[in-house]
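Just dropping this structure here.
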Amino acid sequence: FNGEKYDDLKFMSVRDIDEKAGLPTATKKESMGICFVGKRKFAEFITQYLPHQPEPGNFIDVDTGEIVGKHNGSAHFTVGQGAKISGASQKWFICKKGRNGTVFVCNSTHHPSLYSNELFVRIDDFNWMVGQLPPPLLEQKSMLALCRTRHLQ
């Protein structure tokens, strides 16, 4: 894999790369959880590390402004995560966290509120799969990319 060009990556899945490298992750069941938390509930785990108790609040539909549910603390959620809203007839996703425990949700993984026009990161904070920076980033110090905060949750 190390010898492959950056452009070839867009045609390969992570599973393909794992398989080609002979990694055991190539055939493991996909997990959307946080591996170091283990079999505990995330909300209980993260609450142990917060400086204060999470503030309960409402889930608000970002399109209509209507309350679609209640939660026990916005610290338990990340943008892009599936929101488990009791009694909801459709799937909701966290798109923004507001003040006073308000969590805004949208009803699609492709909703415009889940996308952003800009992301600023330090180059050293990324682990580039090909071992080097993509050419546009090397040459222009910036690049256009379509990214999702979380995937398929």
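Since every read-out is calculated from the coordinates, none of them should be taken as a lab result. As the structure is a prediction and not an experimental result, all values here were calculated from the model. Cβ atoms come from the backbone with ideal geometry, glycine included; neighbour counts cover every protein chain shown.
Which links in Lys39/Lys96; Lys41/Lys97; Lys96/Lys141; Lys29/Lys70; Lys41/Lys70; Lys70/Lys97 stretch past 24 Å when you go from one Cα to the other?
Lys39/Lys96; Lys96/Lys141; Lys29/Lys70, as the Cα separations exceed 24 Å there.
Also: Zone of Tyr115 (label point 7 Å along Cα→Cβ, backbone N under 17 Å): which residues in segment 47-79?
63
What does the charge add up to near Gly101, with Lys and Arg as +1, Asp and Glu as -1, over the other residues with Cβ less than 14 Å from its Cβ?
Taking every other residue near Gly101 into account, the sum is +3.
Once amide H atoms are placed 1.01 Å from N in the peptide plane, what residues at a sequence separation of 5 or more from Val105, or on another chain, have their amide H within under 5 Å of its amide H?
HN-HN under 5 Å from Val105: Ile60, Asp61, Val62, Cys95.
Which chymotrypsin sites (Phe, Trp or Tyr not before Pro) in segment 44-93 sit in a loop by DSSP (not H, G, I, E or B) and have at most 12 other Cβ atoms within 10 Å of their own Cβ?
Tyr49
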